[in-house]
1. Within the set of pairs 6 or more residues apart or between chains, which connect a residue that is under 17 Å from Ser352 (Cα atoms) inside the stretch 235-252 to a residue that is open to solvent by 40 Å² or more (accessible area, probe 1.4 Å) and basic (Lys, Arg) with Cβ atoms less than 6 Å apart?
2. Residues in the stretch 371-398 that are surrounded by fewer than 24 Cβ atoms within 10 Å (Cβ to Cβ) and in a helix (DSSP H, G or I): how many?
3. Restricting attention to the stretch 355-370, and to residues there that are polar (S, T, N, Q) and touching a helix residue (DSSP H, G or I) at 6+ places or on another chain (Cβ under 8 Å), which single residue is surrounded by the most Cβ atoms within 10 Å (Cβ to Cβ)?
4. Residues that are buried (at least 20 other Cβ atoms within 10 Å of the Cβ), modelled with pLDDT under 95 and either in contact with a strand residue (DSSP E or B) (Cβ under 7 Å, 6 or more places away or on another chain) or of a type in the set (A, V, I, L, M) (or both): does the stretch 683-694 have at least one?
5. Ile598 passes all but one of (1) open to solvent by 10 Å² or more (accessible area, probe 1.4 Å); (2) more than 25 Å from Phe717 (Cα to Cα); (3) among the β-branched types (Val, Ile, Thr); (4) modelled with pLDDT of 95 or more; which number fails?
6. It is to be established whether one or more residues within the stretch 725-733 are in contact with a helix residue (DSSP H, G or I) (Cβ under 8 Å, 6 or more places away or on another chain) and over 17 Å from Ala518 (Cβ atoms).
7. Just one of Glu541, Glu578 is open to solvent by 10 Å² or more (accessible area, probe 1.4 Å) and part of a helix (DSSP H, G or I); which is it?
8. In this structure, does Ala526 turn out to be in contact with a Phe, Trp or Tyr (Cβ under 7 Å, 6 or more places away or on another chain) and either crowded, with 24+ Cβ neighbours inside 10 Å or under 30 Å from Gly638 (Cβ atoms) (or both)?
Amino acid sequence: MIPCVRGPNIFKHFAPVEYSKLDRTEFPPAKVSKADELPMRSRRTANEQASFRTVAVAKARGFARSLRVAQCELLDASHLNACVTALTDQRRNRRVGDRRGAGGGSDGGGPAANKIIDPASCPVQCRINPSGRNTPVKTYRIVIKVKREMARQTHQTVVSVLFFVMHCVISCTSSGYFSGRPLTAQALPPDSSCDREDGLRVCINDGCLGGTYRKGMAGEDFEAFLGIPFAKAPVGELRFADPVRNEPYTDQLYNASFERSMCLQRNDLLPNPPVTGSEDCLYLNVYRPKGCTDSASSNLPVIVYIHGGGFFSGTGSPLVVGPEYIMDTKRAILVAIQYRLGVLGFLSTGDSAAPGNAGLKDQTLALQWVKQNIAKFGGNDQLITIVGQSAGATSVHMHLISPLSRGLFHRAIMMSGNSLVPWNIPTKDPLALARDTALVVDIMGAENLSSKSLIAALREIPGEKLVDSTHKLKLWSVDPLTLFRPVVESKNSPNAFLTEEPKESWLKGNYQQIPYMAGYVPNEGAVRALAIFKNPELFNELQSNFSTILPILLERPPSKALIEEIRSRFLNDTSDAEPIRPENLQAFVNLYSEAAFIYPVQLGVKQYITAADTDMAPASIYKLSYKGRYSYSVVYAGGDTGDYGVVHCDDLNYLFRQPAIFPDFPPGSPELKMVDTFVNFFIDFAITGRAKQLAPYRECKNENQVYQSLDCDVQEFARVGDEVQVNVISARNEEMFAFWKNFY
């Protein structure tokens, strides 16, 4: 034990029992080695770091060709979207001048606001003048260089830029970047795509939207309507409040041709994470196949995607949630939504001052928007499937439970998560956590303020400072990862999202019974295990304080029984002096995978099919074991490109294009077979409500649940040579269920 204290005691917010000794324990902060630093050089001063965001884009498509060098000077980036588009989708040989209406206008922005980037020079250098200013502001330049030996480049090629891109690529739409852009098209030039005869336009109850065309992987156009508001900006008095519907724009053409900012966040899974995004972020993107007009001529199923990120990070940006794979099928409409994150989305006082669950209520309001408007885009409002990964899957599960979301969707897919995961255990004392939050942002006398006065004071704190300060409340390293999370609201609350713990609702059957599918990958636990094992300082701390740190990671109260049983099952070759060793990496991955993902995912299906009508509302489960050339393990392992199996988030590689993170799969590559199989597997489920039998298997039914573990078959996507193979495996795992039921 290291006898020092950092910040207030927050164990009390999460622990199902009281902590005593642990709440006065701190571990030395982890140091970032030179090898972990981002591959960038800057002449920024401390003030500049606080004032400007880093932006750069590396062209990743066509790895058989050379990548270009991107040099970006960051000012306010009011027209950066045009540059990003030219860099990331060079196949579109479209005049950037045509984007003048789609990407920004001249409504009071001054001469500099009208400057448009020449696409011929964009891949070499971005020179963007600040909107509304006549003189340049002080900036610095970032350069990403990639070698030209493309014929022999592999995944390692992008490692040098991966962390940089993960930090800043979405900063293209960060706080204030679009402050000079018109949201409505009243000021667009006459030759803009929104005003031409063939311009994309969809009219909904709020008004008319001007969209844009984008290229699919095969080169065909699809239609995109980006940055559509579904709520007012949650700023000022609306910070920490339930979302409020946006104002209509019936007298103007809304410019839906460029994406808006992601929500303000600090991604603790990255080294030295900056604060990026904006509080004004409640927007969604709609994508549809070209020629899909309205309900009179089209009736496509609708997939609504809720991004993951532990409730503290993530985005609906097409740079991360790329619609191309789904659009190329021409079989579905895709909607990607955003919601408030971290302290801004989940802080609560436990009463009406800040009831909590704002981020989940944002999602519900977005689902209401989809239900009310998607038919105007050619979607079937009676065939809406919500899909989520990680925290997005947890959200999907809670929408099945929440009375606010009843009737807004008809199928559900949960990838690597549900509401039973330990990192979704509701905050026990939200008011105490809110007071501790106030203390770390220097609000005087926070412990004595009423909840109303406390929230008023927190609303005065700049959002960036609030988001950047809450890591001081972590217990060890970045754990618990999900500090701000859902809470149980009062049954008397007029707009409560949850009125009892999700595990209680799920066990009692208090949810809507609809077809649902759950999935997981083998090495889910690599999301945290790799970062610890690849950082000598963190690993040494874990080894020296195993009985203290492991309960933090597992979100369990410390107990001798927990440690002994964990060691007996997963680490039985270790000693008291060395309870964990470097060669135990895979064992630790298995431990974290089961506890945080696989056991709760299977338990959720087990409990559902025990109580629900599986003929009317079937449940199924899949496992994605397909190993492709790109893996998120390179992110979790600090750039190490070793083979760590199929890890958390790897399944997203086969559902969405992710140009901000990985290069495209080369034409004809084996991975594209997995993309085709996986995307159509999801769309088939969205249409029929049943997992397509890609191989004969025994379904999950009420009558075959006689064991304590899940007793049905799982369709496993695997790789054999260059082919996709679907195996049928049994989900039954009595040992896992017998072990974890004692702790969760």
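1. These pairs meet every condition: Arg239/Arg459; Val244/Lys232.
2. 6
3. Looking at the filtered set, the residue picked out is Gln363.
4. no
5. (2)
6. The answer is no, given that none of the residues of the stretch 725-733 is in contact with a helix residue (DSSP H, G or I) (Cβ under 8 Å, 6 or more places away or on another chain) and over 17 Å from Ala518 (Cβ atoms).
7. Glu541
8. Yes: the conditions hold for Ala526.
The values are calculated or read from the model by the stated rules, or taken from the named source; none is laboratory data. Predicted, not measured: the structure shown is a model, and the values here were computed from it. Glycine gets a Cβ as well: all are built from the backbone with ideal geometry, and neighbour counts include every protein chain shown. Quick note on the areas: whole protein, heavy atoms, side chains included, nothing else; ligands and nucleic acids left out. Shrake-Rupley method; radii C 1.70, N 1.55, O 1.52, S 1.80 Å.
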